[in-house]
Amino acid sequence: MITAPDVFAGGPRRIASLSAVMQELGSRLFQAGRLTRNQIEEAAARAGLLGRPLDQLLIEEQLLPEETVLAELSTITGVPFVPISAFEIRRDLVAMVPARTALHYGIIPLDLRNGVLALATSRLYDLGEQENIETLLRSGVSWVLCTRRDVEEAVKHFYGLGADVLEEMLPGAARTAAPPTAETTAAADSAGPGLTRLVEQIIREAIQMHASDIHLEPMEKRLSLRYRVDGVLCPIPLPEGLHRLQRGIVSCLKVMAQLNISEHRLPHDGRIRMTVGDEPFDIRVSVIPTQFGEAVNLRILNRKAAFLDLGDLGLRPDQMRRMEDLIALSHGIILITGPTGSGKTSTLYAVLRRIRDETISIITIEDPVEYQMDGILQIQAHPEIGLDFAAGLRVILRHDPNVIMIGEIRDTETADIAIRSSLTGHLVFSTLHTNDAAGAVARLVDMGIEPYLVASGLEGIVAQRLVRVICSACAEPAVVPDTLLREIERDLSEWTGPRHLRRGRGCPACKYTGYRGRRAIFELLPITDTIRSLVIRGAVGDEVRAAAIGQGMMTLRQSGWALALEGTTTADEVLRVTQRRRA
């Protein structure tokens, strides 16, 4: 964790001559061997023609890394160069800098002392511009150099996504004055390119944050935007007055998805194809009418999503050995359990990727087939025409497969065919919605499958959840209540590993959530002879679970605590996704 320096040490620094600083910058870069004299002279000439400072041109043309340039400027001017993640930005300070000023100058307030504001900036300003900013803010100013990305992310977070576009389309006064009228609403609806740019910005920002869904929902006096990132809905700040453009935003999305923009009373479904960088994305669009206007959900699917390797899933060493033993079997059924959004499909694909081989035939039936895997036959289920999982499974069995993957066991017929397929020499993978591994046994029996068939066909059950990973850029030690520490010590009484409980404070790198990415935790239950005997005599889930723990099974919560002690996730995340068991 980077510690913020005293940015007020030595008092406010004013740049009397920006040109003199740029000359010194060129000289220092030459002396340090960063650039040749010709490169510096040519860059200075281009900067003069374009009316750009030399430092900005060097960064924009990628002649030098931004961090290198800012570090040199810090040495020359004495203005500190510090990552924004070292500061805890306060909302009351942000309120002191109007959005228009923050957007125009690219600044964000970091601290306040004795009437002087410390402002983050990615560029230096000459004396006249500094005086302008001080006049606008009615405050003295002390500068802190930060990277442009950090400043832009902070401005976006604290002033709202799309604030720059909104400033162009609706002046501040128009946003905060009277309620919308037919005339102002029509003007907002016809904003054209500005609205398109705003919508694309919303989608691109979601993709950059690795969001799976975008929720755009009209409220009585505001517009709500939330991204589902790492399985959790995260509110995205929007600038004041954006609700005036709500109808236009929805119309723009309808046009992109080739939907009827004149129909506001019925639900709509469509699809947008979009490329961000070199990655193609399919975006499924769902529009529903609500009391205050149409709400939109966008499901983001990366058409070139990389498949995880089995070793990258996060299985602990003992769990990995057991998983490899299971998938090496020639027949039997292996179930992956967990709620929606727990990563079951990713685990299935990782398994198929590991066992895929030209000597075996692998066929899947899925609903939907979200990702294509080379070397595997994948069937898209169509229940509306009679091709459901059960019907598809019957077809697959006539196609001489070695391995079958069923997207989900939803009914008794599918469960029965899957179990019987596993008894006739096929290796079957599928998913179930249960709270833990042992619960899958009870679920199959509740579906009407005879316990002896469950015991004979089932070879292993893997329960899983996804926990968010602490952002490495803003990680810091966490304070955990004593009662929780005692619970962790009780659950992991034999733990001999590290004890680094941490949390993420929030920074531009993690969009101020404190987390970046997800990691799976597992509970792996092999069906041993002891477990089979329990299932045959009708043992309930808790009895099966106790026997599995007695044989060395690590529970979901224990797997979570291990990640928390290693400093990978937080104790709060483990509590969020796992259940505390009754004594």
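The values are calculated or read from the model by the stated rules, or taken from the named source; none is laboratory data. Just so you know, these numbers come straight off a predicted model, no measurement behind them. Here the Cβ positions follow ideal geometry from the backbone for every residue, glycine too, while neighbour counts run over all protein chains shown. Note: areas computed on protein heavy atoms with side chains; ligands, DNA, RNA excluded. Shrake-Rupley method; radii C 1.70, N 1.55, O 1.52, S 1.80 Å.
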Whether any residue in region 509-520 is small (Gly, Ala, Ser) and part of a helix (DSSP H, G or I) is what I want to check. yes
Sole miss for GLN208 among (1) out of contact with any helix residue (DSSP H, G or I) (no Cβ under 9 Å at 6 or more places or on another chain); (2) at pLDDT 90 or above; (3) open to solvent by 30 Å² or more (accessible area, probe 1.4 Å); (4) over 25 Å from MET22 (Cα atoms) is condition (2)
Return the pair list, or none, for Cβ contacts closer than 9 Å from residues in region 106-127 that are among the hydrophobic types (A, V, I, L, M, F, W, C) to residues that are in a strand (DSSP E or B) and open to solvent by 20 Å² or more (accessible area, probe 1.4 Å), at least 6 apart or on different chains. VAL116/GLY140; LEU117/ASP111; LEU117/GLY140; ALA118/ASP111; ALA118/LEU112
Taking region 45-79, which residues are closer than 24 Å to SER472 by Cβ and in contact with a helix residue (DSSP H, G or I) (Cβ under 6 Å, 6 or more places away or on another chain)? GLU66
Report, by residue number, each residue of region 74-95 that is closer than 21 Å to GLU129 by Cα, touching a Lys or Arg at 6+ places or on another chain (Cβ under 9 Å) and either in a helix (DSSP H, G or I) or free of Cβ contacts under 8 Å to residues at least 60 places away in the same chain (or both). ILE76, THR77
Strands (runs of 3 or more DSSP E) enclosed by region 371-440 - at least 3 residues per element that are in contact with a Phe, Trp or Tyr (Cβ under 9 Å, 6 or more places away or on another chain) and surrounded by 18 or more Cβ atoms within 10 Å (Cβ to Cβ): 403-406
Has region 331-347 got any residue that is without any contact (Cβ under 8 Å) to a residue 40 or more places away in the chain, farther than 14 Å from PHE522 by Cα and either outside any helix (DSSP H, G or I) or among the aromatic types (Phe, Trp, Tyr) (or both)? no
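Conditions (1) under 28 Å from the mean Cα position of the chain (by Cα); (2) basic (Lys, Arg); (3) crowded, with 20+ Cβ neighbours inside 10 Å, marked per residue:
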residue	(1), (2), (3)
ALA45	no, no, no
GLY51	no, no, no
LEU58	no, no, yes
GLU72	no, no, yes
THR75	no, no, no
ARG91	yes, yes, no
HIS104	no, no, no
ILE108	yes, no, yes
ARG113	no, yes, no
What are the residues in region 211-231 that are of a type in the set (A, V, I, L, M, F, W, C) and open to solvent by less than 30 Å² (accessible area, probe 1.4 Å), if any? ALA211, ILE214, LEU216, LEU223, LEU225, VAL229
Note on region 543-555: residues in a helix (DSSP H, G or I), surrounded by fewer than 23 Cβ atoms within 10 Å (Cβ to Cβ) and not acidic (Asp, Glu) are ARG545, ALA546, ALA547, ILE549, GLY550
Does ARG353 meet the test of being of a type outside the set (Phe, Trp, Tyr), out of contact with any Pro (no Cβ under 9 Å at 6 or more places or on another chain) and without any contact (Cβ under 8 Å) to a residue 60 or more places away in the chain? yes
For PRO239, the lone unmet condition from (1) open to solvent by 30 Å² or more (accessible area, probe 1.4 Å); (2) in a loop (DSSP other than H, G, I, E, B) is (1)
State whether the residues of region 501-515 include one that is within 26 Å of GLU543 (Cα to Cα), at pLDDT 90 or above and among the hydrophobic types (A, V, I, L, M, F, W, C). no
Hey, PRO451 hits all of (1) farther than 19 Å from ARG410 by Cβ; (2) free of Cβ contacts under 8 Å to residues at least 12 places away in the same chain; (3) not basic (Lys, Arg) but one; which does it fall short on? (2)
How many of the residues in region 127-139 are buried (at least 16 other Cβ atoms within 10 Å of the Cβ) and not in a helix (DSSP H, G or I)? 1
Single unsatisfied condition, HIS399 versus (1) within 36 Å of the chain's Cα centre (by Cα); (2) within 30 Å of ASP282 (Cβ to Cβ): (1)
Condition (residue is surrounded by fewer than 17 Cβ atoms within 10 Å (Cβ to Cβ), in a helix (DSSP H, G or I), modelled with pLDDT of 90 or more and not charged (D, E, K, R)) applied to region 265-280: is it met by at least one residue? no
Members of region 468-500 that are of a type in the set (Val, Ile, Thr) and either open to solvent by 60 Å² or more (accessible area, probe 1.4 Å) or modelled with pLDDT of 90 or more (or both): VAL469, ILE470, VAL479, THR483, ILE488, THR496
If I go through region 140-149 residue by residue, how many of them are assigned to a strand (DSSP E or B) and under 23 Å from GLU67 (Cα atoms)? 5
